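Peer 1: If you scroll down you'll find the structure; I have some questions about it.
No lab work stands behind these numbers, since they all come straight from the coordinates. Note that this is a predicted model, so its numbers are computed, not measured. Neighbour counts run over all protein chains shown; Cβ positions are idealised from the backbone, glycine included.
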Amino acid sequence: MLDLLVIGAGISGLRTADLAIAAGLNTVVLEARDRVGGRLHSLPLDRGAVDLGATWFWAGERHVEQLIHELGVPVHAQHLAGDAVYHDPQQTRRLDGNPIDVPSGRFTAGAQDLAQRLADRLPPSTIRLGEAATAVHRTDDHLVVQTAEAEHAAQHVVLALPPALAAHAIEFTPPLPEPLGGLARSTPVWMGAIVKVVAVYPNAFWRDAGLAGAAMSHVGPMREIHDMSGPAGTPAALFGFVPLMEADQPAPTPEAVVDQLIQLFGPDAANPSALHLTDWRSESHTAPPGAELLRAYQTYGHPLWAEPAMDGRLHWSSTETAPVNPGHIDGALASAARVAATVIADRSPQRSQP
Ligand SMILES: Cc1cc2nc3c(=O)[nH]c(=O)nc-3n(C[C@H](O)[C@H](O)[C@H](O)COP(=O)(O)OP(=O)(O)OC[C@H]3O[C@@H](n4cnc5c(N)ncnc54)[C@H](O)[C@@H]3O)c2cc1C
């Protein structure tokens, strides 16, 4: 019998487990993918890394700052210097300065580094990769989580995955009570309906032209574009977001995104050394089918997320459940701190008995 079973080894689930284990709780984390990090997904390059998921953190995000400090994660500032570009059907206009980017921090080895370092400090065998939870059922005095491989009995279970995905992919017995079930089904997956484009180049040629690598575009598939280079421009990369608002809207072709980059940054943009298009809609361990149609962002941080279900044993801890900075890495960590405190408070009296 586990004290705690965490479903999902994204940053929220990992931090929940980390805090629970530090308090002495017998904890296991199930992770459907063959890697940790969830929406923190980085691709290592020869020198440095690029991010296919989250990229930035911002000043004042205290949960992120605390974890960076604890784990000694190398970080650097987002490149801001130079002019931005504005692009609409009438014109491609070079702006005076860069009003598009705001100051932010970057993870030098990629954002997944934060998750990997956290995973590495958990006791061996805590994380079971490639094992997806398919069902949770309540018994008289504990919960049972089912996977294709095993059944796990636990006093507490934390759903550390987007609520709409949990409602879609996990069968609950008894079913989630209303209005909690409806809330979960209607909660948008943050960035679950976006294509992220990363174009890697041999050098940050746009900087040589005095450009920041930042653009706002109403022509072509990407709406906003930013510099994603490492410290001192190595590795050199640009990234852009393609919003997908309609059901079945196709992802752009590589040719369409390169054409747009040429229009914005000139002919040097024609030959990226690598081009990555990540369609987060097709990541079945992030977004349920139809994620692009979920719009009820007011569900983020709803008070019901902080009320455990199933006799006080079933908890929620993804970024979507955070009242502060929901959607951000910081929100995912804040949720983890909240839920870990609840579970630890419940389990600690038993532990202190002789
Ligand atoms: C393209 C993109 C750009 C972003 N940019 C930023 C940014 O710049 N700054 C920022 O702060 N945030 C950004 N975000 C958001 C940030 O990535 C998230 O807030 C954060 O990573 C969420 O962490 P989480 O642990 O709550 O959820 P997730 O990372 O989604 O973790 C959930 C985990 O559960 C696993 N899982 C799913 N189903 C099951 C199952 N049935 N059984 C077991 N495991 C399961 C998943 O594989 C995953 O590992 C971005 C996200 C994306 C996609």
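Peer 1: What's the FRET efficiency of Thr173 with Gln249 using the Cβ-Cβ distance as r and R₀ = 35 Å, to the nearest 0.05?
Peer 2: The computed FRET efficiency comes out at 0.45.
Peer 1: Here is a follow-up. How far apart, in nanometres, would the label points at Glu70 and Asp208 be if each is projected 7 angstrom from Cα along the Cα-to-Cβ direction?
Peer 2: So the label points at Glu70 and Asp208 sit 4.4 nm apart.
Peer 1: For the chain, compute Rh as the Kirkwood radius over C-alpha pairs and then the Stokes-Einstein diffusion coefficient at 20 °C and 1.002 mPa s; write the answer in µm²/s, rounded to an integer.
Peer 2: 101
Peer 1: Relative to the longest principal axis of the C-alpha atoms of the chain, give the angle of the C-alpha long axis of helix 62-71, reported between 0 and 90° and rounded to the nearest 10°.
Peer 2: Result, in degrees: 90.
Peer 1: Take Asp34 and His218, extend 7 Å from each Cα along the Cα→Cβ direction, and tell me the distance between the two endpoints in nm.
Peer 2: 4.5
Peer 1: Please give the helix 329-352 orientation as an angle from the longest Cα principal axis of the chain, in degrees from 0 to 90, rounded to the nearest 10.
Peer 2: 20
Peer 1: Same structure again: What trypsin sites (Lys or Arg not before Pro) does segment 287-354 have in DSSP loop regions with at most 16 other beta carbons within 10 Å?
Peer 2: Here the trypsin sites (Lys or Arg not before Pro) that fit, given the DSSP loop and packing criteria, are Arg295.
Peer 1: Okay, moving on. Let me know the longest stretch in the chain that avoids all GluC sites (Glu not before Pro) found in a DSSP loop with at most 15 other C-beta atoms within 10 Å.
Peer 2: So the longest stretch without any such site is 1-148.
Peer 1: Along the Cα→Cβ direction, 7 angstrom out, place labels at Thr234 and Ala274. What is the inter-label distance in nm?
Peer 2: About 1.7 nm, to one decimal.
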